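Since the structure comes first, as structure tokens, the remarks are kept for the end.
The values are calculated or read from the model by the stated rules, or taken from the named source; none is laboratory data. Keep in mind it's a predicted model, so treat the numbers as computed, not measured. In this analysis, Cβ positions are derived from the backbone assuming ideal geometry, glycine residues included, and neighbour counts consider all displayed protein chains. Ligands, DNA and RNA are stripped out before the accessible areas are found, and what is left, the full protein with its side chains, is counted by its heavy atoms. Shrake-Rupley method; radii C 1.70, N 1.55, O 1.52, S 1.80 Å.
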Amino acid sequence: MDSVVSSVTTKAKGVTVTNTSTLGFRVWDVADYVIPAQEENSLFIMTNMITTVNQTQGLCPELPDKTTVCKSDANCAAGSSGTHSNGIATGRCVLFNETVKTCEVAAWCPVEDDTHVPEPAFLKAAENFTLLVKNNIWYPKFNFSKRNILPNVTTTYLKSCIYDAITDPFCPIFRLGKIVENAGHSFQDMAIEGGIMGIQINWDCNLDRTASLCLPRYSFRRLDTRDVDHNVSPGYNFRFAKYYSDPTGAEHRTLIKAYGIRFDIIVFGKAGKFDIIPTMINIGSGLALLGVATVLCDVIVLYCMKKRYYYREKKYKYVEDYEQGLGSEMDQ
Amino acid sequence: MDSVVSSVTTKAKGVTVTNTSTLGFRVWDVADYVIPAQEENSLFIMTNMITTVNQTQGLCPELPDKTTVCKSDANCAAGSSGTHSNGIATGRCVLFNETVKTCEVAAWCPVEDDTHVPEPAFLKAAENFTLLVKNNIWYPKFNFSKRNILPNVTTTYLKSCIYDAITDPFCPIFRLGKIVENAGHSFQDMAIEGGIMGIQINWDCNLDRTASLCLPRYSFRRLDTRDVDHNVSPGYNFRFAKYYSDPTGAEHRTLIKAYGIRFDIIVFGKAGKFDIIPTMINIGSGLALLGVATVLCDVIVLYCMKKRYYYREKKYKYVEDYEQGLGSEMDQ
Amino acid sequence: MDSVVSSVTTKAKGVTVTNTSTLGFRVWDVADYVIPAQEENSLFIMTNMITTVNQTQGLCPELPDKTTVCKSDANCAAGSSGTHSNGIATGRCVLFNETVKTCEVAAWCPVEDDTHVPEPAFLKAAENFTLLVKNNIWYPKFNFSKRNILPNVTTTYLKSCIYDAITDPFCPIFRLGKIVENAGHSFQDMAIEGGIMGIQINWDCNLDRTASLCLPRYSFRRLDTRDVDHNVSPGYNFRFAKYYSDPTGAEHRTLIKAYGIRFDIIVFGKAGKFDIIPTMINIGSGLALLGVATVLCDVIVLYCMKKRYYYREKKYKYVEDYEQGLGSEMDQ
């Protein structure tokens, strides 16, 4: 038996447009929504986002919540910073809007307001994006290697095919919506708060048979189980920023809280070839177990049956005491 | 037996210059060609690239191909977007150049033209870059840990050495060109369209012997088998963009289609120590197999040999029927 | 037995401020110090940095060291580039400062001066940042899945808890300082030159028992063993750059040599359920081993004891030569 060594590369395709008041008409392509541009066994597709444009280093009121709303400076401890703070408190209590006052913080201003996640998802068209997964596997012990693009597949087929468990089980191009659907979830629901999808490639092979029977089997699984009770940072999101330089040399940035689906490609499998040693160990153990039958028969015959004394007499040869035997011999 | 737990860090070194009409004279250092800056068990070195400078959101003609070349607006479906599109079609048919008309798209304009991959590779000097691989391993069961920088290696040696299978088998600094060459490929060929190289570190150790005999063994393998029949996105490449802000606040970007070599560091190994239990299981099974000899001898003696009746008589003690026995006893 | 399949997501929280002459007063939040923004099983927190602002492509003197200090142009070979060079030598010898002359290079200018690592660490406040680790595991053979946020944990608890081996062993939120401390190191020391911390989650489960007894066990380990003898790139650091565009269209960048701690989340574990086959193999082997007792007794009784001839006589039934037997029968 040997475990698989694998290498995975992925490539997403797809373009979509959005039209919002803050960002205007905007086209999104691969370089915009895949973050970071490349990973080893994984690919993140941004499906939703909260953008905070033109942040600069400065002082501004914190987002109102239980701990930041204040009446006067006395409510704000200078230098303090909670787990969910956007900055370090200056100790002043300032107007957040016309009605609410919050503690002022030194932060990237204005601070991000992530209380409302866009619904439906901002890049909901990601459902129709496609993902090409190229996977090479290698069983080092048997020096057997194979790729998930099978040799009998034509280039024309690969240009147009989309994976389907029944009609196209060996097409390595997946529609994102179908991946999520196959795992039993709704893409549009998942797109809002993000999540992790596992694309599992199983390469169980019996290498005693011909190599062409060693085929990849794809399966899909949502890896982040949503738990209704615990919505502590549900789904999957992270923050990143694009940094710009003003003509004056000052730095400003666009902060993006990116929600999206991370596709983890999990390759597993075991290849086996007939080997005499484990087989002999199993046969040996099996034979030894047959020995239990003899012991059981003996126990039944010698201890349980009515005629046990008779059998016992026949079974055992009683060796007379040697000394006595010698004595009787001497007697003769 | 125990499987290895490992941590890997990598560091590339090397500088090169290019001089092209679009980019001018330009120096490339680590921060320019390693993308992303850090990964867990992997390092990507850009060796070739297609740069599309000064892209802005707008409308422009699509790259001509079978589906995008048009005669009139009737050929272009507004809102449509194919798998290989750079944007969303507006429904208009516009001049791409003086002779060809293509469908107009809303996209990052001008669209990328990646029909010709630069040959030879743009950063062909990457062949002489070096890669330092630091690897710490740990066998949890035996609480045994070791690093690939061996204790008897001096700092001076590490500053100047380059790995060579024969002369410097324990130097953890690799010349990129040599890695590819050791795997039996040509660096300059691989640099054009990119690929995946596996740097395998094997830590098979017999922990019954002294720890200094537990040594890393390096081997190199190209993980993406090129297949002449299927050139659906051959090699390895991905797109990323550097975003800039105009003085007016408008965003523009430089799109880079990066071709290059991803070095995956694959650490494997098994450490073993003598353990009495599996040894006993094997001995037990072996002994049981010896029992087959007895059975075989019996079969031959009792069923196959000419004198079988004689042996059978001697072998078996025939127990007379108990009832009969009792009867005869009563008769007496 | 089955091995674990796992998915990990991480989220860091924390803000700090720095005040230096080169960068001024500056707030650092998650988007600034987590690089890259997301990784699969890993998270890098920048704790220290050497920033080289406003680099442009050009010609400038190299950093003085053994190989770059020069007296005249004769000491500088045009076009040469050593392993630690910042650029390609132009062949000229120019003033680095008022007293030292070094070879001129074509490089991103001014070149980075990383001879002095800031001490104490620039973002030493990272000690108080927190890290939420969400981990879902799955045992494919038994179709058993579980997450490290246990079902009996309340949302309020999760909002305020910090992992502690004794008081809060199931809280998935870790204080960075405590992680390093639990591994037996000092955070402030590690923060200066960086390093790798392993957060190990052990999911050994006996699935014959109730699922609620299958619990994660956290442990911490420094994965890069510091070796006092070999300080060839000690700790963990890498370089990345933020690229800006001048109003004139020229590109400049800020080069950052980032030192920091990479937290690798290592999930391991084996789940077992009672299975009859290996049990039978072990019992079989065990029984076979009991057979050794019979053989040993026989050896002792038949070869070692004084009365061995007596026992041997009783043990073996001597089969007279068949021919002879037949002969004697005929004789009769």
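Comparing A:I265, A:I300, A:I173, which has the greatest mean-square fluctuation in the GNM of chain A with Cα pairs linked when under 10 Å apart? Largest GNM mean-square fluctuation: A:I300.
P(r) tail, region B:1-46: Cα-Cα pairs separated by more than 14 Å, 60% of all pairs. Look at the stretch B:1-12: the mean tally of other chain Cβ atoms within 10 Å of its residues' Cβ atoms is 4.
Comparing C:P278, C:P216, C:P118 in a Gaussian network model of chain C (Cα springs below 10 Å), the most mobile by mean-square fluctuation is C:P278. PRE reach from A:L296 (point 7 Å along Cα→Cβ): which of region C:280-307 fall under 18 Å by backbone N? Under 18 Å, as judged by backbone N against the label point of A:L296, lie C:280-288 of region C:280-307.
Given R₀ = 51 Å, FRET efficiency for C:K66-C:S219 by Cβ-Cβ distance, to 0.05? Computed FRET efficiency for C:K66 and C:S219 comes out at 0.70. For the options B:T51, B:T294, B:T83, a Gaussian network treatment of chain B with springs between C-alpha atoms closer than 10 Å singles out B:T294 as fluctuating the most. By the beta carbon rule, with partners counted only under 4.7 Å, chain A holds these lone Cys residues: A:C297, A:C304. Once Lys and Arg get +1 and Asp and Glu get -1 on their Cβ, which of C:P169, C:T210, C:S85 lies farthest toward the positive end of the dipole of chain C? Among C:P169, C:T210, C:S85, the one farthest towards the positive end of the dipole of chain C is C:T210.
Working from label points 7 Å from Cα in the Cα-to-Cβ sense, the C:N54 to C:T83 distance is 3.5 nm. This model, with +1 at the C-beta of Lys and Arg and -1 at the C-beta of Asp and Glu, gives chain B a dipole about its Cα centre of some 1040 debye.
Computed FRET efficiency, Cβ-Cβ of C:K270 and C:N152, R0 30 Å: what is it to the nearest 0.05?
Values: r = 24 Å, r/R0 = 0.81.
Calculated value: 0.80.
For region B:63-106, the Cβ-based charge dipole about the Cα centre amounts to some 80 debye (Lys, Arg positive; Asp, Glu negative; other atoms uncharged).
Note down the magnitude of the dipole of the protein assembly as shown about its Cα centre, charges +1 on Lys and Arg C-beta and -1 on Asp and Glu C-beta and zero elsewhere, to the nearest 20 debye. Please report the intermediate quantities before stating the final value.
On the way: 102 positive and 108 negative charges, 200 e Å.
Magnitude of the dipole: close to 960 debye.
For region A:63-106, the alpha-carbon radius of gyration amounts to 0.98 times the rule-of-thumb value 2.2 N^0.38 Å expected for a compact globular protein. In the protein assembly as shown, the alpha-carbon atoms span a convex hull of 267 Å³ per residue.
Scanning chain A for the Cβ atom closest to the axis that brings A onto B yields residue and whole-Å distance A:A288, 2.
Using the charge dipole of chain A (Lys, Arg: +1 at Cβ; Asp, Glu: -1 at Cβ; taken about the Cα centre), state which of A:T20, A:V295, A:G260 has its Cα farthest towards the positive end. The residue sitting most towards the positive pole is A:V295. For chain A, the membrane-span-like helix rule (DSSP H, alpha carbon extent of at least 15 Å along the helix axis, mean Kyte-Doolittle at least -0.5) picks out A:276-299; this says nothing about an actual membrane. Using R0 = 30 Å, the C-beta based FRET efficiency linking C:R26 and C:E98 works out to 0.45. Each copy carries a label point for B:V299 at 7 Å from Cα toward Cβ; from one copy, the others' points are 2.8, 2.8 nm away, ordered from shortest. Amide H to amide H distances under 5 Å link A:H252 with A:Y244, A:S245, A:D246, where only residues 5 or more positions off or on other chains count and H is placed in the peptide plane. What residues in region B:40-59 lose 50 Å² or more of accessible surface when the other protein chains are added to their chain alone (1.4 Å probe)? Buried by the other chains: B:E40, B:Q57. Peptide B:287-299 has a mean of 4 when you count, residue by residue, the C-beta atoms of other protein chains within 10 Å of its C-beta. Mean partner shielding of peptide C:78-89, defined as the number of other chain Cβ atoms within 10 Å of each residue Cβ, is 4. Converting phi to 3J(HN,Hα) with the Karplus coefficients 6.51, -1.76 and 1.60 and the offset θ = phi - 60°, region B:171-185 yields 7, x, 10, 10, 8, 4, x, 5, 4, 5, 5, 4, 7, x, 10 Hz in sequence order, with x at every glycine or proline.
Give the Kirkwood hydrodynamic radius (Å, one decimal) of region B:61-194, defined as one over the mean of 1/r across all pairs of different Cα atoms.
Result for region B:61-194 stands at 19.8 Å.
Look at the dipole of chain A built from charges on Cβ: of A:Q188, A:V105, A:T154, the Cα furthest out on the positive end belongs to A:T154.
With coordinates expressed along the principal axes, the C-alpha atoms belonging to chain B extend over 128, 65, 39 Å, beginning with the largest.
The residues neighbouring C:F220, those whose beta-carbon lies less than 10 Å from its own, together hold a net charge of +2 under the Lys/Arg +1, Asp/Glu -1 convention.
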